[in-house]
1. In a GNM of the chain with a 10 Å cut-off on Cα contacts, which of 38, 104, 13 has the highest mean-square fluctuation?
2. What is the Cα coordinate range of the chain on the first, second and third principal axes, sorted by size from largest, in whole angstrom?
3. Over the Cα atoms of the range 27-71, how large are the radius of gyration and the largest Cα-Cα distance (Dmax), in Å?
4. Can you tell me which of 65, 43, 103 moves the most in a GNM of the chain? Springs connect C-alpha atoms under 10 Å apart.
5. Please find, in a Gaussian network model of the chain (springs between Cα atoms separated by less than 10 Å), the residue of 93, 58, 22 whose mean-square fluctuation is greatest.
6. Output the 0 to 90 degree angle, nearest 10, between the alpha-carbon long axis of helix 4-30 and the longest principal axis computed from the alpha carbons of the chain.
7. If you stretched the chain out fully between residue 82 and residue 51, how much longer would it get, using 0.36 nm times the residue separation minus the C-alpha to C-alpha distance?
8. What do you get for the angle between helix 35-119 and the principal long axis of the chain? Use alpha-carbon atoms, 0 to 90 degrees, nearest ten.
């Protein structure tokens with residue numbers, strides 16, 4: 001998932017690169033050079049801008065992978081914490097239920113014994 005900052009940075013990068021390429025081509029077209037030399041300059045400049053664009057794209061991809069790995073690790077850690085907390089809660093409820101059950105059983109037994117005493 002890309003954040004708004006990453007989207008903005010990508011948009012600016014693409015706009016900058018596209019503007020640079022167009023500007024370089026226009027500058028070369030209006031420069032007083034023979035056709036063969038002009039075409040070579042355009043080719044060289046285009047190759048250089050393409051190389052820069054590829055490098056930037058690789059950097060953006062690596063940054064995205066790094067950020068996604070960080071998010072996945074954080075999500076796994078949070079899930080593990082939630083599961084551990086749920087297990088503690090279940091254990092506490094089970095212990096309290098057992099404890100309350102024992103108290104109830106003792107109270108019923110005491111009531112039965114009191115009833116038997118009163119009856120006899």
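Each value in this text was obtained by applying a stated rule to the coordinates, not by laboratory testing. If you're wondering where the values come from, they're calculated on a predicted model, not measured in any experiment.
1. Result: 104 has the largest fluctuation of those listed.
2. Sorted from largest, the Cα extents of the chain read 127, 17, 11 Å.
3. 17.4, 55
4. Result for the chain, Cα springs under 10 Å: 103 fluctuates most.
5. The residue that fluctuates most here is 93.
6. Compared with the principal axis, the helix lies near 10 degrees.
7. Here the segment from residue 82 to residue 51 would lengthen by 6.5 nm.
8. That helix lies at roughly 0 degrees to the long axis.
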